[in-house]
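Written below as structure tokens is the structure these notes are about.
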Amino acid sequence: MTIQWYPGHMTRAKRMIAEELKLVDGILEVVDARAPVSSRNPDLQDLTTKPRLIVLTKTDLADPAMTKLWLNYFRGQGQKAAAVNLLQGQGLQAIRQLVAQTFPNLKRVPRLFVLGIPNVGKSTLINGLTKRRGAQVGARPGVTRGKQWLSAPGMLLLDSPGILWPKFEDQDVAKRLALLASVRDEVFDQTEIVAWLLNFLQEHYPQALPARYGELEADDPIEVIGRKRGCLLQGGVVNRNQAAAIVLKDFRTGKLGAITLDLKPGSDAASVDHGE
Ligand SMILES: Nc1nc2c(ncn2[C@@H]2O[C@H](COP(=O)(O)OP(=O)(O)O)[C@@H](O)[C@H]2O)c(=O)[nH]1
Ligand SMILES: [Mg+2]
């Protein structure tokens, strides 16, 4: 299975974003703390050299030790970076301070474009910073449309539709984005993605699966999980799709614990190959 998802509305959105970028002072580049490199859009790196602040969202779902490492990694590259838990509003004040530091000579409030791939929390971040519910939040990728500047203390914010890039050269990146619900569920095979996740967890978070599902002695964990959860077809055969759906949902809602999919800076994930 190869995952690709670059629908026409993203091509159009990218064109709109490129136009709009000429008019803004800087950008808030939103990424998911569970995959801070995989969820960065390489196309956004080339579009502008205006000041940017990288915002790692969903820290409640990410491995806290890894979030620290990733923040240090970005800062070590000379980038401004902050981490937020938008469910709790944690980290918003740090963003306000960083924004204030970034535009010391601007005579008006900075206009910031909030950019990122689908489902990373762009609209939720705007709602947190503006302390209201102006930006539309959706559980599915591609909900955000239209254009509207929103006023927040110390900044003006413009939401944007999430965009990906034309080709996932590194299919591990694509798998992580599938797990984060940043590509449509319809474009990948859930059982394959979940098999990949189970492997990853057994290697890097060996406690995660036993803590949720009990010991999985067998070499076919999906089968064992399906049996334990009563995902059975006629004749007692395990419904692997149903079992995979349970695991995927458990991962996305944090039931498997706080997990980061992009490995430590310096190991594989730091050199995630976005291709071009
Ligand atoms: N657990 C958790 N969920 C979040 C956080 N921020 C956003 N979400 C959820 O992520 C989903 C996508 O958020 P949304 O703001 O619509 O993302 P957008 O597509 O980038 O605008 C929504 O279900 C949000 O409630 C966070 O910090 N923690
Ligand atoms: Mg949105």
Helical contribution to [θ] at 222 nm, DSSP H n ≥ 4, -39,500 (n - 2.57), averaged over the chain, rounded to 500: -11000 deg cm²/dmol
With +1 assigned to the C-beta of every Lys and Arg and -1 to the C-beta of every Asp and Glu, and no other charges, what is the dipole magnitude of the chain about the Cα centre in debye, to the nearest 20? 1620 debye
Stokes-Einstein D for region 8-158, Kirkwood Rh over Cα pairs, 37 °C, 0.692 mPa s (µm²/s): 211 µm²/s
Run the simple label-point estimate for residue 65 and residue 49 please: 7 Å along Cα→C-beta, distance reported in nm. 4.0 nm
Any idea how far apart residue 242 and residue 2 come out in nm if each label point goes 7 Å out from Cα toward Cβ? 3.5 nm
Kindly provide the Kirkwood hydrodynamic radius of region 15-83 in Å, to one decimal, from all pairs of distinct alpha carbon atoms. 12.7 Å
Listed residues 31, 237, 173; largest mean-square fluctuation, Gaussian network over the chain with Cα springs below 10 Å, found at 237
Quick calc, residue 106 & residue 184: beta-carbon distance into FRET formula, R0 45 Å, rounding 0.05, result 0.70
What is the sum of charges around residue 64, taking Lys and Arg as +1, Asp and Glu as -1, for the other residues whose C-beta is under 14 Å from the C-beta of residue 64? +2
Quote the relative contact order of region 8-158 in percent (integer), defining contacts as alpha-carbon pairs under 8 Å separated by 6+ residues. 24 percent
Using a cut-off of 13 Å between beta-carbons, work out the net charge of the residues near residue 217 (Lys and Arg +1, Asp and Glu -1, residue 217 not included). -2
In whole angstrom, how far apart do the alpha carbon centroids of region 19-56 and region 74-123 sit? 10 Å
Quick check on the chain: of the DSSP beta bridges with both residues there, what percent are antiparallel, nearest 5%? 25 percent
Output the relative contact order of the chain, whole-number percent, from Cα pairs under 8 angstrom with separation of 6+ residues. 23 percent
Show me 108-119, 184-195 ranked by packing, highest mean number of other Cβ atoms within 10 Å first. 108-119, 184-195
Can you give the extra length, in nm with one decimal, that the chain gains between residue 18 and residue 167 once fully stretched, where that is 0.36 nm per residue apart less the Cα-Cα distance? 51.7 nm
Within the set 65, 208, 174, GNM on the chain using Cα springs under 10 Å gives the largest fluctuation to 65
Restricted to region 1-122, the DSSP antiparallel beta bridge percent, nearest 5, is 5 percent
Quick one: which of 58/80; 80/255; 175/264; 14/58; 122/255 span more than 20 angstrom between C-alpha atoms? 80/255; 14/58; 122/255
Under a no-solvent Debye model with one identical scatterer per Cα of the chain, what's log10 I(q)/I(0) at q = 0.10, 0.12, 0.16 Å⁻¹? -0.53, -0.74, -1.24
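Taken together, the values in this text are just the output of simple stated rules run on the coordinates, not laboratory data. As the structure is a computational prediction, the values presented were derived from the model and not from experiment. As a convention, Cβ positions derive from the backbone with ideal geometry for all residues, glycine included, and neighbour counts pool all protein chains shown.
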